[in-house]
Amino acid sequence: MEFVIKISQFLMSLSLLIVLHELGHFIPAKAFKTRVEKFYLFFDVKFSLFKKKIGDTVYGIGWLPLGGYVKISGMIDESMDTEQMSQEPQPWEFRSKPAWQRLIIMLGGVTVNFLLAILIYIGMSFFYGESILPVENIKDGLDIESTVANKAGLQTGDNILAVDGENIETFSQISEKVLFGKEILIERDGVKSTIQMPEDFLAQLMDSKERGFINLRQPFVVMEVPDTSYNMASGLRKGDLLLALGDYQTKYADQVKDALDDLKGQEVTAIVKRKDENINLPLKVSEDGKLGVVYARASTPETLEALGYYDYETKDYGFFEAFPVGLKKAKDKMTSYWDQLGAIFTPSTGAYKGVGGFKAIYDIFPSFWSWQVFWSITAFLSIMLGVLNLLPIPALDGGHVMFLLYEMVSGRKPGDKFMEYAQMVGFFILIALVLFANGNDIYKAIFN
């Protein structure tokens, strides 16, 4: 059932983004009286699952879910229709239109992607509001779960104040900023200092195969005391919050681990919080530093706030208030993704190791259905699709835009033969990138 939910979200999001992107090319093409021969969701290699011709256009669904396309008459694209290009230009063809019209047609797809993301973020701000945790409300610092981050100089209990000179305002900004940051301003035990991050920090993080990175420090909440536990008769119950072990204060789960390492093989008096009451209980610590219980981290904002650990701020926005909030979110995500691409195309960072293909996108979606999560992921994927399509690779929209801008500036149009070769080179580059990204998925699935 989990697979069905995940694949449904994946295909629904992908289909929506593809159709709207191609619609961004289709509408201006039609507005400028340019013939569109095909409008396809997914690729129809050899055959289609569905197709129907309406007017001059065949609308269809292909069987290969790797994207979609519109085939515009008189345009050198992935169809490589050289026979059509060898004939005399016709008034309804793309190549017969003024450069400014062709530019609008080519930019239509990415424009729709960015507009869709903005609209989604505006809608989410209006319907859901947002729950944020200001960094000033993180009193006891963060949980630095990664040994790679520890080696770089970050420690549990650090407060991260700024990255590359930009102040951190909320907890949700921290992980992403640190991943791509060079200089981290921290506060440790009331003293501020600066940490220079290694250039290959991302590569080290991915090579380590660690799952944890930077998180909120969490309480130690007992979830189960098994019948076989040596603390079965201690009086410990499900839901108990462990506050102290002997002389050790254990407000946070990371403190429990440190305390147990020092209390191996001992019997200690523990303080647990049960509802609104603090209770003393005798607990045994095993020789290997275990309590013999199942515990959980109270990770949801509601639970953490109810336990008094963090004060979240919930903001609701009116219809007009949601517009600047949504615009800012879209702008921040676009900037962030450009930064990520910059890191990926800088080999020394090792960020290319984290590039993923369709499986990586599939894995983003949760195994439960949540419209809020679905729209949030779809908005980000829309930005990602828009940014990637702007790359100056001939097989992508950005490549066509690059040649059109050259034509508009120089007054000279690249020859059809040159465009055919450029399209072929771009197509092979694109195939190589797709193979690399999906090859990374396969490698990680086998060896991680």
Failed criterion for residue 55 (all others in (1) small (Gly, Ala, Ser); (2) farther than 28 Å from residue 414 by Cβ; (3) modelled with pLDDT of 90 or more hold)
(3)
Which count do you get for residues in the stretch 283-333 that are open to solvent by 40 Å² or more (accessible area, probe 1.4 Å), over 30 Å from residue 116 (Cβ atoms), assigned to a helix (DSSP H, G or I) and of a type outside the set (D, E, K, R)?
2
Which listed residue is in a helix (DSSP H, G or I), hydrophobic (A, V, I, L, M, F, W, C) and modelled with pLDDT of 85 or more, from 380, 418:
380
Residues to consider are 23, 11, 17; find the one that is over 24 Å from residue 92 (Cβ atoms), touching a residue at least 12 places away in the same chain (Cβ under 8 Å), of a type outside the set (Val, Ile, Thr) and surrounded by fewer than 17 Cβ atoms within 10 Å (Cβ to Cβ).
11
Within the stretch 167-186, can you find the residues that are over 21 Å from the mean Cα position of the chain (by Cα) and under 18 Å from residue 342 (Cβ atoms)?
183
Could you go through the stretch 204-218 and let me know if any residue there is hydroxyl-bearing (Ser, Thr, Tyr) and closer than 18 Å to residue 144 by Cβ.
yes
Could you list, in sequence order, the residues of the stretch 147-197 that are of a type in the set (S, T, N, Q) and part of a strand (DSSP E or B)?
159, 167, 170, 193, 194, 196
Considering only the stretch 117-148, how many residues are more than 19 Å from residue 304 (Cα to Cα) and either buried (at least 18 other Cβ atoms within 10 Å of the Cβ) or of a type in the set (D, E, K, R) (or both)?
10
Among residues belonging to the stretch 167-192 that are of a type in the set (Gly, Ala, Ser) and open to solvent by 50 Å² or more (accessible area, probe 1.4 Å), point out the one that is nearest to residue 310 (Cα to Cα).
172
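Among the strands (runs of 3 or more DSSP E) confined wholly to the stretch 219-277, which include 1 or more residues that are surrounded by fewer than 19 Cβ atoms within 10 Å (Cβ to Cβ) and among the basic types (Lys, Arg)? Quick ask: steps written out before the conclusion?
Working: elements: 220-224, 241-245, 267-274.
Filter on the stretch 219-277 gives 267-274.
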Please name all residue pairs, on different chains or six or more residues apart, with Cβ atoms under 6 Å, provided the first residue is in the stretch 397-418 and is over 20 Å from residue 111 (Cβ atoms) and the second residue is crowded, with 18+ Cβ neighbours inside 10 Å and not basic (Lys, Arg).
414/403
Only one of (1) in a helix (DSSP H, G or I); (2) at pLDDT below 90 does not apply to residue 121, and that is (2)
With the first residue restricted to the stretch 255-280 and required to be without any contact (Cβ under 8 Å) to a residue 12 or more places away in the chain, and the second required to be of a type in the set (A, V, I, L, M, F, W, C) and surrounded by 12 or more Cβ atoms within 10 Å (Cβ to Cβ), Cβ contacts under 7 Å at 6 or more apart or on different chains are 280/271
Filter pass, residue 241 being in contact (Cβ under 8 Å) with a residue 40 or more places away in the chain and within 30 Å of residue 347 (Cβ to Cβ)
no
Yes or no: the stretch 49-58 includes at least one residue that is part of a loop (DSSP other than H, G, I, E, B) and surrounded by fewer than 16 Cβ atoms within 10 Å (Cβ to Cβ).
yes
If I go through the stretch 287-328 residue by residue, how many of them are under 27 Å from residue 225 (Cα atoms) and basic (Lys, Arg)?
2
Could you say whether any residue in the stretch 235-257 is in contact with a helix residue (DSSP H, G or I) (Cβ under 6 Å, 6 or more places away or on another chain) and closer than 30 Å to residue 338 by Cα?
no
When you look at residue 431, is it at pLDDT 70 or above, under 30 Å from residue 209 (Cβ atoms), β-branched (Val, Ile, Thr) and assigned to a helix (DSSP H, G or I), yes or no?
yes
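Going through 30, 46 one at a time, which residue ends up being without any contact (Cβ under 8 Å) to a residue 40 or more places away in the chain, surrounded by fewer than 18 Cβ atoms within 10 Å (Cβ to Cβ) and under 20 Å from residue 91 (Cα atoms)?
Details: 46 fails: under 20 Å from residue 91 (Cα atoms).
Only one candidate qualifies: 30.
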Any idea which of 106, 75 is in contact with a Phe, Trp or Tyr (Cβ under 8 Å, 6 or more places away or on another chain) and either charged (D, E, K, R) or surrounded by 19 or more Cβ atoms within 10 Å (Cβ to Cβ) (or both)?
75
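The values are calculated or read from the model by the stated rules, or taken from the named source; none is laboratory data. If you're wondering where the values come from, they're calculated on a predicted model, not measured in any experiment. Neighbour counts run over all protein chains shown; Cβ positions are idealised from the backbone, glycine included. What goes into the accessible areas is simple: the full protein's heavy atoms, side chains included, and nothing from ligands, DNA or RNA. Shrake-Rupley method; radii C 1.70, N 1.55, O 1.52, S 1.80 Å.
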